[in-house]
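The values are calculated or read from the model by the stated rules, or taken from the named source; none is laboratory data. The structure presented is a predicted model; accordingly, all values stated were derived computationally and were not measured. Because the Cβ atoms are built from the backbone with ideal geometry, glycine has one as well, and the counts that use them run over all protein chains shown. For accessibility, only protein heavy atoms count, side chains too; no ligands or nucleic acids. Shrake-Rupley method; radii C 1.70, N 1.55, O 1.52, S 1.80 Å.
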Amino acid sequence: MVEFYNDVIRVKMRKEKEMKDSMESALNNDEFSVYLQPKVSLENGNVVGAEALVHWVRPNKEMIYPDEFVPLFEKTGFIIKLDLYVFEKVCQTLRKWIDENRYIIPISVNLSRNHLHFKDFLKEYKKIQEQYRIPSEYIELEITETVVFENLQILKGVIDEIHAMGYRCSMDDFGSGYSSLNMLKDIPIDTIKLDQVFFQTNHGNTQRGRDIVGGVLSLA
């Protein structure tokens with residue numbers, strides 16, 4: 001029998017260790033940069049909102065993308081600190097826009113499922129919002145579809161709290177896993193973001209694909 005050595009796993013483990021060893025100092029040194037991805041209305045082309053995305057820019061200018069560090073941060077629990085960091089950066093941006101009398105749009109911020117393990121975690125978000133005096137209607141918290149299957153009752157309670165604070169709530173990646181259309185009835189989500197698989201050329205650019213997307217939109 002002949003076996004070939006593959007170095008991919010070792011390289012991945014080494015990079016994960018490097019990220020784990022430097023994540024705290026990176027946060028303290030503002031190595032995480034927040035970018036705003038615009039949301040554009042298909043009706044008139046106007047920018048009606050934005051989504052906050054975070055990238056890790058190392059001192060040597062190396063760019064590390066979320067799909068590389070987010071899974072690790074979720075595993076270590078560090079994602080909670082990063083989420084609050086991003087939220088504060090968003091509030092700083094909104095405060096700057098308000099002070100400069102600019103056109104204000106709502107900004108959505110990702111909310112990791114790790115937060116759901118802690119009662120009253122939303123108090124930290126409220127504290128930051130009040131510190132920067134940001135009207136609640138400019139804030140949207142975004143969860144992923146996978147959160148739904150972990151504890152539906154807890155999630156529904158969290159969404160109720162989000163609404164009570166005046167924030168909107170959106171669900172990302174709908175359709176990426178085992179989505180149930182029943183979810184549209186049971187969970188009081190304000191915005192649903194369909195997973196990109198619906199719009200890939202091989203699936204979305206067919207009459208069947210368009211019918212499915214149209215049906216989901218109608219149900220929503």
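Near Val8, within a Cβ-to-Cβ distance under 13 Å, what is the net charge of the other residues, with Lys and Arg +1 and Asp and Glu -1?
+2
Where does the chain land at 222 nm, in deg cm²/dmol rounded to the nearest 500, when only DSSP H runs of n ≥ 4 count, each adding -39500 (n - 2.57), divided by all residues?
After summing the helix terms and dividing by the residues of the chain, the value is -14000 deg cm²/dmol.
Please list, by residue number, everything in the stretch 107-144 whose backbone N is under 20 Å from a paramagnetic label point 7 Å out along Cα→Cβ of Trp97.
Once the point is set 7 Å along Cα→Cβ of Trp97, 107-111, 125-143 turn out to lie under 20 Å by backbone N, inside the stretch 107-144.
I'd like the chymotrypsin sites (Phe, Trp or Tyr not before Pro) in the stretch 4-33 restricted to DSSP loop residues with at most 15 other Cβ atoms within 10 Å, sorted by number.
Within the stretch 4-33, the qualifying chymotrypsin sites (Phe, Trp or Tyr not before Pro) (loop, at most 15 other Cβ atoms within 10 Å) are Phe4, Tyr5.
At a 1.4 Å probe radius, which order do His163, His115, His55 fall into by accessible area, largest first? Please list the in-between numbers first.
Working: His163 65, His115 5, His55 35 Å².
Reading off the accessible areas and sorting them downward yields His163, His55, His115.
Enumerate by residue number the chymotrypsin sites (Phe, Trp or Tyr not before Pro) in the stretch 49-117 meeting two conditions: DSSP loop (anything except H, G, I, E, B), and at most 16 other Cβ atoms within 10 Å of the site's Cβ.
Listed in order of number, the matching sites are Tyr103.
Please give the charge dipole size of the chain, origin at the Cα centre, charges +1 on K and R Cβ atoms and -1 on D and E Cβ atoms. Round to the nearest 20 debye.
140 debye
Taking all protein chains in place and a 1.4 Å probe, what share, in percent, of the accessible surface of the chain do carbon and sulfur account for? Don't skip to the end; give the middle numbers.
Values: 7180 of 13580 Å².
Roughly 53 percent of what the probe reaches on the chain is carbon or sulfur.
Can you compute 3J(HN,Hα) from phi for each residue in the stretch 62-78, using the Karplus curve 6.51 cos²θ - 1.76 cosθ + 1.60 with θ = phi - 60°, rounded to whole Hz and x for Gly and Pro?
With coefficients 6.51, -1.76 and 1.60, one gets 5, 9, 10, 8, x, 5, 8, 9, 4, x, 5, 5, 5, 5, 8, x, 5 Hz.
Mind checking the per residue accessible area of the chain for me, 1.4 Å probe, whole number of Å²?
The answer is 62 Å² per residue.
What translational diffusion coefficient, to the nearest whole µm²/s, does the chain have by Stokes-Einstein, given a Kirkwood radius computed over alpha-carbon pairs, a temperature of 20 °C and 1.002 mPa s viscosity?
So the translational diffusion coefficient is about 110 µm²/s.
DSSP loop GluC sites (Glu not before Pro) in the stretch 27-70 with at most 12 other Cβ atoms within 10 Å of their Cβ, which ones? Walk me through the intermediate numbers first.
Values: sites: Glu31, Glu43, Glu51, Glu62, Glu68; in loops: Glu31, Glu43, Glu62.
Here the GluC sites (Glu not before Pro) that fit, given the DSSP loop and packing criteria, are Glu43, Glu62.
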